[in-house]
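Each remark here refers to the structure printed beneath this line.
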Amino acid sequence: MTTKLTVRQRNHRKRLFGWIFFYLLVLAIVVAIVYLQGSKVNTLELPNGQLQLTVSKSKYTVGDTVQFTIRNNFSSPIYLLNKCPQELLHVYQFKNSAWERIHDTATSSSCSSAQQKITIPPGTSTTKTYADWPNLFSKPGIYRLVAFADNYPNLAYADFQVVQSSKPIPLPAPLIIYKPVYTPIYIPVTGGGGGDN
């Protein structure tokens, strides 16, 4: 009986050591994979600088083409993705005490010639317009353009106003009053000729 108990204990120990060895092996493999994958990750430096967004005017009239300029004050280039026929930058309109994102669609012919990726080198700027999106600013109101850049924690934005065009009131045509003026003409009459003697 003691031999059966001893054999059972030995088998139990072997199985226990086998499972412990198996789990240690799996743990070592997982640690090795994590270490190898972690060593492949490059740590990126966050760009240092500022992104500036400006518009050409603070007040536009309905129908004007909105023009904006993005200046890259980073030490590395930034990239804008052109998702034409969508707008190049995010556009918001201030409605009901909140900023609401608005959209317009450009024509496909204007998208065929557009760059898909716009590169702005450090210390330079690029200027674009919303000429291909004529309905975007068709209503009077307050608008905001927002530019997003990777690894830049702040949002570059510019606010402006669109007002109804103030057409000058046409003046009435000048009135010309024509009134004939009669000037009497005096013709002297001299007596001559036959009279009674």
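The values are calculated or read from the model by the stated rules, or taken from the named source; none is laboratory data. Note that the structure is predicted; figures quoted are calculated from it, not measured. Cβ atoms come from the backbone with ideal geometry, glycine included; neighbour counts cover every protein chain shown.
Okay, residues lined up against (1) at pLDDT 90 or above; (2) under 23 Å from T65 (Cβ atoms); (3) out of contact with any His (no Cβ under 8 Å at 6 or more places or on another chain); (4) not polar (S, T, N, Q):
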{"position": "Y92", "(1), (2), (3), (4)": "yes, yes, yes, yes"}
{"position": "T124", "(1), (2), (3), (4)": "yes, yes, yes, no"}
{"position": "A156", "(1), (2), (3), (4)": "no, yes, yes, yes"}
{"position": "V163", "(1), (2), (3), (4)": "yes, yes, yes, yes"}
{"position": "Y178", "(1), (2), (3), (4)": "no, no, yes, yes"}
{"position": "V189", "(1), (2), (3), (4)": "no, no, yes, yes"}
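Residues in segment 70-127 that are part of a helix (DSSP H, G or I), surrounded by 11 or more Cβ atoms within 10 Å (Cβ to Cβ) and hydroxyl-bearing (S, T, Y): how many?
1
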